1. With (1) over 23 Å from Lys103 (Cβ atoms); (2) loosely packed, with under 11 Cβ neighbours inside 10 Å as the list, and Met57 as the residue in question, which single condition is left unmet?
2. What are the residues in the stretch 34-50 that are open to solvent by less than 100 Å² (accessible area, probe 1.4 Å) and acidic (Asp, Glu), if any?
3. Is at least one residue of the stretch 43-50 among the charged types (D, E, K, R), part of a helix (DSSP H, G or I), at pLDDT 95 or above and more than 19 Å from the chain's Cα centre (by Cα)?
4. Please find, among Gln35, Gln55, the residue that is assigned to a helix (DSSP H, G or I) and either at pLDDT below 95 or more than 17 Å from the chain's Cα centre (by Cα) (or both).
5. Within the set of pairs 6+ apart or on separate chains, which have a first residue in the stretch 51-79 that is in contact (Cβ under 8 Å) with a residue 40 or more places away in the chain, a second that is open to solvent by less than 60 Å² (accessible area, probe 1.4 Å) and of a type outside the set (A, V, I, L, M), and C-beta atoms under 6 Å apart?
6. Consider the stretch 69-90. How many of its residues are surrounded by fewer than 12 Cβ atoms within 10 Å (Cβ to Cβ) and in contact with a helix residue (DSSP H, G or I) (Cβ under 9 Å, 6 or more places away or on another chain)?
Amino acid sequence: MKQSKENEIKEERKAEHAGDLKDSLVKRLNRIEGQIRGIKKMVEEDVYCDEILHQIMSAKASLDEVSKKLLKAHINSCVVRQIKEGKDEVVDELMVTIKKMIK
């Protein structure tokens, strides 16, 4: 029962980021999507493994940059807003997220 209530709460929440941030993230994710398609093609075409691994590392680094940018925006907007609303449990949620990110 507790799990479903938590899911309901999470589904109701929405991010409120500026349009320029959203556009920037979407552009970066579109580039990453292209990188992934390129990696897939390299595998299909039997490109030398070392070259594929370098492309994978590049894609992972790009995703890490998106994560950092989104985390910063999340802290500065969503987290700050919820703390101001007295919803201090957002700090625990943020800590769980950060722990997962640094694994």
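1. For Met57, the failing item is (1).
2. Asp50
3. Yes: the stretch 43-50 contains one or more residues that are among the charged types (D, E, K, R), part of a helix (DSSP H, G or I), at pLDDT 95 or above and more than 19 Å from the chain's Cα centre (by Cα).
4. On inspection, the qualifying residue turns out to be Gln55.
5. Ala73/His17
6. The qualifying residues number 2.
The values are calculated or read from the model by the stated rules, or taken from the named source; none is laboratory data. On a predicted model such as this, the values are computed, not experimentally measured, just so you know. Using ideal geometry, Cβ is built from the backbone for each residue, glycine included, and neighbour counts are taken over all protein chains shown. Note: areas computed on protein heavy atoms with side chains; ligands, DNA, RNA excluded. Shrake-Rupley method; radii C 1.70, N 1.55, O 1.52, S 1.80 Å.
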